[in-house]
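K.L.:
The structure's right below; bear with me while I get my questions together.
The values are calculated or read from the model by the stated rules, or taken from the named source; none is laboratory data. This is a predicted model, so every value here is computed, not measured. Virtual Cβ from ideal backbone geometry, glycine too; neighbours counted across all protein chains shown. Just so you know, the surface numbers come from the protein's heavy atoms only, side chains and all, with ligands and any DNA or RNA stripped out. Shrake-Rupley method; radii C 1.70, N 1.55, O 1.52, S 1.80 Å.
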Amino acid sequence: MKVIVLGAGIIGTASAWFLKKQGYDVTVIERQPGAAQETSFANGCQISVSHAEPWANPAAPMKVLKWLGKEDAPLLYRFRPEWLQWKWAVAFLRECTAARTDENIRNIVALCEYSRQTLQAVRAETGIQYDHLTRGILHFYTEEKEFQDSLPAAKLMRDLGCPRESIGADEVIRIEPALASIRNKIVGGDFTATDESGDVFKLTTGLAKKSEEAGVEFRYSTTITRLITEGAGAAARVTGVEIINPDGRHEVLTADTFVVAMGSFSQQLVKPLGIDLLLYPGKGYSATYKVINPDAAPSVSLTDDGYKLVVSRLGDRLRVAGTCELNGYGRELNTTRCEAITRRTRELFPDGCDYENPTYWTGLRPLTPSNVPYVGKTRFANLYLNTGHGTLGWTMGCGSGRAIAEIVAGRVPEIDFAFTGLPRWNRARQVVTQAA
C-alpha cells in the first residue's frame with residue numbers, strides 16, 4: 001500500500017518514519033530543498049509537556065486587548081480584511097472559558113506526554129544527535145499575580161501525571177544560577193524535571209536521512225498545487241496530488257492514502273475539498289546567539305513568563321524564541337520584535353552571549369483556536385490530517401507521527417486524545433464521545 005505524506009517538517013517526517021515502520025511504501029513531498037526548512041527550522045527547541053496551557057484561556061481576552069497596537073507585545077493581533085482571521089478569532093474567544101481550557105489542557109498534555117515517550121524511543125533506536133538535554137524546563141515569573149495564577153495550572157498538571165512543581169525564587173536560582181543577575185525581580189517559578197530540549201532541525205533532518213535509508217522517498221523542491229478527488233459521500237476518495245516538479249513540469253502522483261502535514265498551508269490545500277479547517281498562521285520569532293561564556297549562559301531550558309519567551313541551550317548556541325504575530329502568511333522580520341528579544345536576553349544573561357551578531361528567524365506556527373491539533377481522518381476515506389500543532393509542533397511531533405501511522409493502519413492509538421474523525425476513547429478503552 002502506497003502512502004504520500006505532504007510536508008517534511010517534524011510532523012511530516014515523523015509520520016513518514018512511523019508509516020514506513022508499519023510496512024507502507026512511503027513518499028514525502030516537500031516544496032523546500034530539504035526537510036525542516038520552514039516552521040521546524042529554528043523554533044524554541046523545548047519538549048514542554050509541563051507548559052501545555054493553550055493560548056486561549058480565561059485571562060487571554062484582556063491580555064490581547066492590553067497588547068493591541070504594541071509592536072513588541074508577546075501576542076500581536078493585526079486586524080486584516082480576512083474572513084478566516086475573524087472566524088478564527090471568534091472561535092478563539094469561545095475556547096477561553098475555564099471548562100474549555102481544562103478540556104484542551106487534558107488533550108494537549110495527553111498527546112505531549114505520549115510524544116515525549118515516543119521521541120525518547122526514537123532517540124534510543126536511531127542514535128540521532130540533536131544537542132538534546134534532559135535537565136528539565138524551568139519557568140520563572142517576575143510578577144506576583146502571574147505566579148499566583150500559575151499555581152492552579154501547575155496542580156492540574158500534577159493531577160494529570162506531569163510533575164510540574166511550584167517553587168520559590170531561591171530554588172529558581174539554585175536550579176539555574178545564570179539567572180542570578182535578576183534575582184531581585186523573580187517572585188517564583190515552577191520546574192519539571194522530566195521535560196527536555198533539543199534542536200528540532202537536527203532531529204528532523206536526521207530522521208529524514210534514517211527514513212530514506214529505510215526506503216522512504218523524499219521528493220524535495222516539489223510544489224503541491226491541489227488534491228484530485230473522485231466520488232461523493234462515503235465513496236469520496238483522493239486519487240492523486242498535482243505537483244510542480246523541480247524541472248517546472250506538472251505531474252500527478254497517485255497513492256492509496258494521503259497524509260496532509262503542511263502546517264499553516266494545510267488549510268489552503270484542503271478547503272477546495274470542502275474541509276474547512278480553523279487553522280491560522282501565527283508568526284513566531286527566534287534569535288540564536290553564540291555562547292561566549294558558558295558559565296554565564298543557562299544550561300537548563302527556561303520559560304520567561306513575563307516576556308513569553310523560551311530559552312534553550314544547544315551546545316555552544318543559545319536559542320531564544322517566542323512571541324506570536326497574527327498577520328497573515330508573511331514572514332518578513334519585524335525589527336522591533338527582534339530587538340526586543342535581544343534586549344531581554346541581554347538583560348537576563350549580560351555576559352553569556354555575543355549579542356552583536358544574532359541570527360533572527362521567523363516561522364509560521366499553524367494555530368487552531370484551542371491549540372489542539374487536527375490528527376486523524378477526514379470525510380474522504382483515504383485522506384488524513386496531521387496538522388495544526390501551533391507552538392507545540394516539536395513537543396507533539398514524534399507522537400503525532402506515531403499516532404497517524406496507527407490510524408492509517410486501522411487502529412486507535414493508545415492515548416486518550418480527541419482524534420479527528422475517530423471515536424473518543426478513555427483509558428478504560430470505552431467510547432465516550434465523538435471527535436469533531
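K.L.:
Please report, to two decimal places, log10 I(q)/I(0) for the range 290-436 at q = 0.19 Å⁻¹ as given by the Debye formula with identical point scatterers on the Cα atoms and no solvent.
P.N.:
Log10 I(q)/I(0), no solvent term: -1.08.
K.L.:
Which length gain, in nm to one decimal place, applies between Gln22 and Gln268 when the Cα-Cα distance is subtracted from 0.36 nm times their residue separation?
P.N.:
Numbers: separation 246, 0.36 × 246 = 88.56 nm, distance 2.91 nm.
Going from the current span to full extension adds 85.6 nm.
K.L.:
Restricting to DSSP loop positions (anything but H, G, I, E, B) with no more than 11 other Cβ atoms inside 10 Å of their own Cβ, which chymotrypsin sites (Phe, Trp or Tyr not before Pro) remain in the range 75-167? Don't skip to the end; give the middle numbers.
P.N.:
Working: sites: Tyr77, Phe79, Trp83, Trp86, Trp88, Phe92, Tyr114, Tyr130, Phe140, Tyr141, Phe147; in loops: Phe79, Tyr130.
Here the sparse-neighbourhood loop sites are Phe79.
K.L.:
Taking only protein heavy atoms into account and a 1.4 Å probe, give the accessible area per residue of the range 133-268 in Å². List each step's numbers first, then the result.
P.N.:
On the way: 6140 Å² over 136 residues.
With all protein chains present, the range 133-268 gives 45 Å² per residue.
K.L.:
For all pairs of alpha-carbon atoms in the range 172-272, what percent lies in each bin of width 5 Å, listed from the first bin to the last filled one?
P.N.:
It works out to 2, 8, 12, 14, 13, 10, 7, 7, 7, 7, 7, 5, 1, 0, in whole percents.
K.L.:
Continuing with the same structure: Percent of accessible area on the chain owned by carbon and sulfur, 1.4 Å probe? Let's see the in-between values first.
P.N.:
On the way: 9050 of 17440 Å².
The value for the chain is 52 percent carbon and sulfur by accessible area.
K.L.:
Taking H as built 1.01 Å from N, whose amide H comes closer than 5 Å to the amide H of Phe218, not counting residues under 5 places away?
P.N.:
Val28
K.L.:
Ok, one more. Could you give the C-alpha radius of gyration of the chain expressed as a fraction of 2.2 N^0.38 Å, taking N as the number of residues it contains?
P.N.:
Values: Rg = 21.0 Å, N = 436, 2.2 N^0.38 = 22.2 Å.
Cα-based Rg divided by the globular estimate yields 0.95.
K.L.:
Place the peptides 33-40, 380-387, 342-349 in order of packing, highest mean first, counting for every residue the other Cβ atoms within 10 Å and averaging per peptide. Before the final figure, lay out the partial values.
P.N.:
Details: 33-40: 21.0, 380-387: 23.5, 342-349: 17.9.
Ranked by mean Cβ neighbours within 10 Å, highest first: 380-387, 33-40, 342-349.
K.L.:
Follow-up. Quickly work out the Ala121-to-Asp295 label distance, labels modelled 7 Å from Cα along the C-beta direction, and quote it in nm with one decimal.
P.N.:
Placing both labels 7 Å beyond Cα along the Cβ direction yields 4.3 nm.
K.L.:
Explain nothing, just the number: relative contact order of the range 60-201, from Cα pairs under 8 Å at least 6 residues apart, as a whole percent. Could you put the intermediate results ahead of the total?
P.N.:
Numbers: 127 pairs, mean separation 37.2, N = 142.
Contact order relative to length: 26 percent.
K.L.:
Next up: How much of the DSSP beta bridge set in the chain is antiparallel, as a percent to the nearest 5? Mind showing how you got there, number by number?
P.N.:
Details: 57 of 81 bridges.
Expressed as a percentage, antiparallel bridges in the chain total about 70.
K.L.:
Amide H of Thr229 versus every other amide H placed in the peptide plane: which residues, excluding those fewer than 5 positions away on the same chain, fall under 5 Å?
P.N.:
Excluding prolines and chain starts, which carry no amide H, the hits are Thr239.
K.L.:
I need the calculated FRET efficiency for the pair Ile244 and Arg174, taking r as the beta carbon distance and R₀ as 60 Å, to the nearest 0.05.
P.N.:
Numbers: r = 56 Å, r/R0 = 0.93.
In this case the efficiency is close to 0.60.
K.L.:
From the phi angles alone, apply the Karplus equation (6.51, -1.76, 1.60; θ = phi - 60°) to the range 238-255 and give each ³J(HN,Hα) in whole Hz, x where the residue is Gly or Pro.
P.N.:
So the J values, rounded to whole Hz, are 8, 9, x, 10, 8, 10, 10, 6, x, 8, x, 9, 7, 9, 10, 9, 10, 6.
K.L.:
Based only on Cα atoms, what mean projected area does the convex hull of the range 114-249 have, in nm²?
P.N.:
14.7 nm²
K.L.:
Calculate, for Ala409 and Ser181, the FRET efficiency according to 1/(1 + (r/R0)^6) with r their C-beta to C-beta distance and R0 51 Å; round to the nearest 0.05. Write out the running numbers ahead of the final one.
P.N.:
On the way: r = 52 Å, r/R0 = 1.02.
For Ala409 and Ser181, the calculated efficiency is 0.45.
K.L.:
HN-Hα J couplings of the range 211-217 from phi, Karplus 6.51/-1.76/1.60, θ = phi - 60°, integer Hz, Gly and Pro as x?
P.N.:
5, 4, 5, 7, x, 6, 9
K.L.:
What is the extension gain from Arg80 to Asp276, computed as 0.36 nm multiplied by their sequence separation minus the C-alpha to C-alpha distance, in nm to one decimal? Write out the running numbers ahead of the final one.
P.N.:
On the way: separation 196, 0.36 × 196 = 70.56 nm, distance 1.94 nm.
Taking 0.36 nm per residue and subtracting the Cα distance, the gain is 68.6 nm.
K.L.:
Tell me the relative contact order for the range 1-96 as a rounded percent, counting alpha carbon contacts under 8 Å between residues six or more apart.
P.N.:
Working: 74 pairs, mean separation 21.4, N = 96.
Contact order relative to length: 22 percent.
K.L.:
While we're looking at this one, here's another question. Over the range 11-125, what per residue volume does the convex hull of the Cα atoms give, in whole Å³? Each step should come with its number before you reach the end.
P.N.:
On the way: hull volume 20.4 nm³, N = 115.
Here the figure is 177 Å³ per residue.
K.L.:
Once you place label points 7 Å from the Cα toward the Cβ at Arg94 and Glu230, how far apart are they in nm?
P.N.:
3.7 nm
K.L.:
Here's another thing I want to ask about it. Can you give the three extents of the C-alpha atoms in the range 85-179 along their principal axes, from longest to shortest, in whole Å?
P.N.:
44, 37, 29
K.L.:
What is the sum of charges around Thr126, taking Lys and Arg as +1, Asp and Glu as -1, for the other residues whose C-beta is under 11 Å from the C-beta of Thr126? Display every interim value, and only then the final one.
P.N.:
Working: positive: Arg123, Lys209, Lys210; negative: Glu125, Glu213.
Net of charged neighbours comes to +1.
K.L.:
A further question on this structure: Are there any trypsin sites (Lys or Arg not before Pro) in the range 1-74 that are in a DSSP loop and have at most 15 other Cβ atoms within 10 Å? List them by number.
P.N.:
Numbers: sites: Lys2, Lys20, Lys21, Arg31, Lys63, Lys66, Lys70; in loops: Arg31, Lys70.
When the trypsin sites (Lys or Arg not before Pro) of the range 1-74 are filtered for loop state and at most 15 Cβ neighbours within 10 Å, Lys70 remain.
K.L.:
So, in Å, what gap is there between the alpha-carbon centers of the range 1-17 and the range 238-313?
P.N.:
13 Å
K.L.:
Next question, about the same structure. Measure nothing but the geometry: give the 0 to 90° angle between the long axis through the Cα atoms of 144-159 and the longest principal axis through the Cα atoms of the chain, rounded to 10°.
P.N.:
50 degrees
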